[in-house]
Amino acid sequence: MQSPSSNIAVEDPKDMAGQRISSQEFFIPKVPRYKMPEGKQLMKVVAKYANRLDRVFNKKEESSKGDDSSEPSDSLSDNEEIVRGDPSPCSFEEAIASMESRDHKLEMPENLPGGILVDQIYVVSTHDLNTFLFAPNSQFRKELAELQGTTNDQEGPWTWKSGDMSCLTRVVSYTSAATKLVKAVKATEEQTYVRASKEEFAILVTVSTPEVPYGNSFKIELLYKIMPEKQQSAEKCSHLVVSWGIVFMQSTMMKGMIEGGARQGLKDSFDQFSNLLAQKFKKLDTSDLSNKQQVLATMQTEHQSNWRLAIKYFWNFTVVSTIAMFIYVLVHIFRCGPTEIRGLEFKGLELPDSFGELITSGILVIQLQRVYRMFFHFFQARFQMGSDHGLKANGDGWVLTVALIEGVDLASLESSGLSDPYVVFTCNGKTRSSSVKLQTRAPQWNEILEFDAMEEPPSVLEVEVFDFDGPFDQDVSLGHAEINFLKHTSTELADMWVSLEGKLAQSSQSKLHLRIFLDNDKGVETIRGYLIKKGKEVGKRLNLRSPQRNSTFQKLFALPPEEFLISDFTCYLKRKLPLQGRLFLSARILGFYANFFGQKTKFFFLWEDIEDIQVLPPSVVSIGSPTLAIILRKDRGLDARHGAKTQDEEGRLKFYFQSFVSFGTACRTIKGLWRTRTLSPDLKAHLTEEQEDQEEGLVIPDESGSMLDEESKMSKIYSAEFPIEKRSLMELFDGGNLEHRIMQRTGCINYGTTSWESVKHDVFERRVSYKFNRQVSVFGGEVSCTQQKVPIENSEGWIVNEVMALHGVPFADHFRIHFRYQIEKSGVDDCACKCEAYIKIMWFKSSKFQQRINQNITAKFTNRLKEIFEMLQKEVMFVSQKDSSIEASS
């Protein structure tokens, strides 16, 4: 079938020029059964077939077909002992049936990287839709060609590619219609069936356009996937997905322009394709598939009683023969009565009197033992191995719902070829288990499993199928799989077949049928709460990005709509040559994108894929900038291999990023997101408790007695009275020019503050960030602070509490520094004020250097506060004297 890519033209192949081939049937030689010829006989057969192919492809007259038809009989007469069949013409339906019979259970190929052009469900069977689109002389193709204005349409025959009876191919050529930018050009398409089963079809179309500008440097690829779609109604439905990609045979600086033009042209053409196809078949709305309530309502869970299950499980030859044999023996014992003592017997002990009795007794004991194990196994599976089906999710946040429908072709280690499978799902450290299905390879579950609400959106769902052997035995894994939520749309997750991995599963081609739904019950509020919590963990306020910004980010990396951007930084990716681009951070991924003269580089990997993050010191190669080294786990993030600097012997990829505008902020944010994402639930709870303890230091006590107790725990490091008003002294905390000027003069670089915000009655809060220069700290560490101010009761003054976190210095994650500034009106003079400063170092982790660090910090900040307040006094006095002189002169 001609693909709707009329504005991507391709040239006619010379071997197709003027060729006239019947649209009803095409020549596919049926492979005869004969013994492989050798030597001269093989050469004669090859020569005969070569002569026939020459006559087919060299534009013979119609009369020559009669000669061709007689040729096989000649060849057969020459080689009668070798060839016993006559290659005869074969219809399209017969060719498809031949491929279906040779289906080796190949997997449906993944969508091409360019994107999705068509994703729609039609009320028609997959076989009928495939025939409608790709059968020879298709009426739909003619109508589409007329709609798009293509001419000189020539359709080649379907043939076996290179004699492979499992690969059907044909060539189609046409002249595309002229557009505003491109003239009418010739095009060729090579259409190949890469999969044809009874219900699934995949056709790869390669489009060549040598006549367009730079046409010899690229080819367009289209992948048509026709899959069955189960609906509640009895009507058969087909799911048609068309994706595209572009393959460059030569490097060119016009790559970006070519991709953009091809994308727009294909979009316009396939819009016409979809509209025309919708006129032929009824179209279903794909959004209905992702409707959780509607889809789950269609599931009918069969509640079978334990008696019915027991009858089904125990109704087999082993149990029936054992019961019959046991009853037969009991009847025999009751009828015979007691016998006299013989041989070595004595009263109370009766031995077999013949080898027949001995063998019969042994068989009966073995059979009884097997039946006992079956009964014990049944009761364990039904009553001790419970299911999480029906349990409802608790809490607020991201709720994951998994509907386990069925399994097919599950592996088995037993001689009967059957197993007792159950499925375990794991997500974000939490697990859910299904019930056990006894003695089956195609279990029907129809169970709904819900995970408790999660604060963070999950990245992957791990699935593993086990063969039940008992609650205390080590169950054998029958296969496993990992579902990446970022690589599937909500529609795909709503109804998907998952192929299991592992030796047993791959040998049996095992699959599970799942329906997965990921919901955010509070929408934007959940995201806001997540960002506030992450901001506290990384020491930086994280704001919710605009919908347009999030949409651009999602399209850039082909992410699902629930993925949201947290932050992004400009940096260089270090490979053979540094590549400038942008690093994007979201809740689940770290991604990089660069566009260098049309040469695009983009990749992403999950936070869970990261094994370690290291900071490398500045060097000449990095132009004096520190380097952030990210090391992935073994065999993880392989899709991002092209962006890695190296790969070590263990198979771990290493990425190097450098030249950040603010390296400390970027490093702190990346490390904070990674740590919280990869921590276990217990460690997360512990970290939350620590943060709550830290935040308690910012709460101002309500009673004066408790305030005195709090001050007694802190050390006074500064106290002074100033001949200036209290309002002037508080300018050090108002975020104005005076504060920035003083802090910059005392060694603070990139000093920034947020505005004061009311967090509760008479309590205001803001955040401060800056970096120490080398004169203040040899490490040049970054500083993030949280400040709260509250008015002093029954007094004219303020109390300012500050919690300071240092970054980039030794043992910085072991402690926090708590300051308290008490500024109030002086009792000596109404135009004077006094200030007292206290310090307390809060330790979260013990260290043998704790006492030395306490002394060093106390001494450093004692001198620093003295310098800051003295400079403030001079600035205020200078401004007041200047104002007084101006008033006197006026």
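The set of residues in region 401-451 being within 29 Å of Trp607 (Cα to Cα), in contact with a helix residue (DSSP H, G or I) (Cβ under 9 Å, 6 or more places away or on another chain) and either among the aromatic types (Phe, Trp, Tyr) or open to solvent by less than 30 Å² (accessible area, probe 1.4 Å) (or both) consists of Thr401, Ala403.
In the condition set (1) open to solvent by 30 Å² or more (accessible area, probe 1.4 Å); (2) touching a strand residue (DSSP E or B) at 6+ places or on another chain (Cβ under 9 Å); (3) assigned to a helix (DSSP H, G or I), Ile532 is compliant with all but (2).
In region 460-485, the residue that is farthest from the chain's Cα centre (by Cα) out of those that are in contact (Cβ under 8 Å) with a residue 60 or more places away in the chain and buried (at least 20 other Cβ atoms within 10 Å of the Cβ) is Phe468.
This table checks each residue for (1) among the aliphatic types (A, V, I, L, M); (2) surrounded by fewer than 19 Cβ atoms within 10 Å (Cβ to Cβ); (3) over 17 Å from Ala177 (Cβ atoms); (4) at pLDDT 90 or above.
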| site | (1), (2), (3), (4) |
| --- | --- |
| Ile226 | yes, no, yes, yes |
| Gln232 | no, yes, yes, no |
| Glu235 | no, yes, yes, no |
| His239 | no, no, yes, no |
| Trp244 | no, no, yes, yes |
| Met249 | yes, yes, yes, no |
| Met257 | yes, yes, yes, no |
| Ala262 | yes, no, no, no |
| Leu276 | yes, yes, no, yes |
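Residue by residue, here is whether (1) in a loop (DSSP other than H, G, I, E, B); (2) within 30 Å of Lys219 (Cα to Cα); (3) in contact with a helix residue (DSSP H, G or I) (Cβ under 9 Å, 6 or more places away or on another chain); (4) modelled with pLDDT of 75 or more holds:
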position: Ser269; (1), (2), (3), (4): no, yes, yes, yes
position: Phe273; (1), (2), (3), (4): no, yes, yes, yes
position: Gln294; (1), (2), (3), (4): no, no, yes, no
position: Thr301; (1), (2), (3), (4): yes, no, no, no
position: Trp307; (1), (2), (3), (4): no, no, no, no
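Contact map, region 604-629: residues that are more than 27 Å from Phe553 (Cβ to Cβ) paired with residues that are open to solvent by 70 Å² or more (accessible area, probe 1.4 Å) and not polar (S, T, N, Q), Cβ distance under 8 Å, separation 6+ or inter-chain. Pairs shown: Gly624/Pro618. All of Ala832, Ala812 fail the test of being on the phi < 0 side of the Ramachandran plot, among the hydrophobic types (A, V, I, L, M, F, W, C) and over 44 Å from the mean Cα position of the chain (by Cα), apart from Ala832. Filtered by the rule that a residue be surrounded by 14 or more Cβ atoms within 10 Å (Cβ to Cβ) and without any contact (Cβ under 8 Å) to a residue 40 or more places away in the chain, region 850-867 gives Gln850, Asn854. Among the residues making up region 520-529, those that are at pLDDT 75 or above and loosely packed, with under 15 Cβ neighbours inside 10 Å are Val524, Glu525, Arg528, Gly529. When the residues of region 827-840 are filtered to those that are buried (at least 18 other Cβ atoms within 10 Å of the Cβ) and of a type outside the set (D, E, K, R), the one that is farthest from Lys713 (Cα to Cα) is Cys833. Residue-level analysis places Thr339 outside the set of residues that are modelled with pLDDT under 75, out of contact with any Pro (no Cβ under 9 Å at 6 or more places or on another chain), among the hydroxyl-bearing types (Ser, Thr, Tyr) and within 30 Å of Leu404 (Cβ to Cβ). Scanning region 389-400 for residues that are touching a helix residue (DSSP H, G or I) at 6+ places or on another chain (Cβ under 8 Å) and open to solvent by 30 Å² or more (accessible area, probe 1.4 Å) gives a single hit, Asp396. The one condition from (1) in a helix (DSSP H, G or I); (2) in contact (Cβ under 8 Å) with a residue 24 or more places away in the chain; (3) within 23 Å of Tyr751 (Cα to Cα) that Glu870 does not meet is (2).
From the list Ser208, Ser173, the one residue that fits, being surrounded by 20 or more Cβ atoms within 10 Å (Cβ to Cβ), more than 24 Å from Thr252 (Cβ to Cβ) and hydroxyl-bearing (Ser, Thr, Tyr), is Ser173. On the stretch given as region 596-613, residues that are open to solvent by 70 Å² or more (accessible area, probe 1.4 Å) and modelled with pLDDT under 90 total 4. Within region 673-684, one or more residues are within 25 Å of Gln554 (Cα to Cα), surrounded by 13 or more Cβ atoms within 10 Å (Cβ to Cβ) and modelled with pLDDT of 85 or more. Under 7 Å by Cβ, and 6 or more places apart or on different chains, what pairs join a residue from region 575-590 that is among the β-branched types (Val, Ile, Thr) with one that is open to solvent by 20 Å² or more (accessible area, probe 1.4 Å)? Hits for this filter: Ile589/Phe604.
For (1) under 17 Å from Ala812 (Cβ atoms); (2) open to solvent by less than 30 Å² (accessible area, probe 1.4 Å), each residue gets a yes or a no:
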{"site": "Met730", "(1), (2)": "no, yes"}
{"site": "Asn737", "(1), (2)": "no, no"}
{"site": "Gln744", "(1), (2)": "no, no"}
{"site": "Trp756", "(1), (2)": "no, no"}
{"site": "Tyr770", "(1), (2)": "yes, yes"}
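Assess whether His488 counts as being surrounded by fewer than 17 Cβ atoms within 10 Å (Cβ to Cβ) and touching a residue at least 60 places away in the same chain (Cβ under 8 Å). Here the answer is yes, as His488 does meet what is asked. The set of residues from region 563-584 being charged (D, E, K, R) and outside any loop (DSSP other than H, G, I, E, B) comprises Asp568, Arg582. Among the residues of region 614-646, the ones that are polar (S, T, N, Q), open to solvent by 50 Å² or more (accessible area, probe 1.4 Å) and closer than 30 Å to Met253 by Cα come to 1 in all. Considering only residues of region 539-562 that are assigned to a loop (DSSP other than H, G, I, E, B) and among the small types (Gly, Ala, Ser), which is most open to solvent (accessible area, probe 1.4 Å)? Here the answer is Ala558.
Inside region 585-614, residues that are within 26 Å of Asn543 (Cα to Cα), assigned to a strand (DSSP E or B) and of a type outside the set (S, T, N, Q) make up a count of 14.
Filtered by the rule that a residue be open to solvent by 40 Å² or more (accessible area, probe 1.4 Å) and in a loop (DSSP other than H, G, I, E, B), region 110-144 gives Glu110, Asn111, Pro113, Asn137. When region 318-340 is limited to residues that are in a helix (DSSP H, G or I) and either of a type in the set (Ser, Thr, Tyr) or closer than 13 Å to Met374 by Cα (or both), the one that is most open to solvent (accessible area, probe 1.4 Å) turns out to be Tyr328. Looking across region 716-728, just one residue is of a type in the set (D, E, K, R) and open to solvent by less than 70 Å² (accessible area, probe 1.4 Å), and that is Lys726.
The values are calculated or read from the model by the stated rules, or taken from the named source; none is laboratory data. Since the model is a prediction, treat every value here as computed from it, not as a measurement. Don't worry about glycine lacking a Cβ; one is built from the backbone with ideal geometry, like all the others, and counts go over all protein chains shown. The protein model used for the area step is the full one, side chains on, heavy atoms only, and it has no ligands, DNA or RNA in it. Shrake-Rupley method; radii C 1.70, N 1.55, O 1.52, S 1.80 Å.
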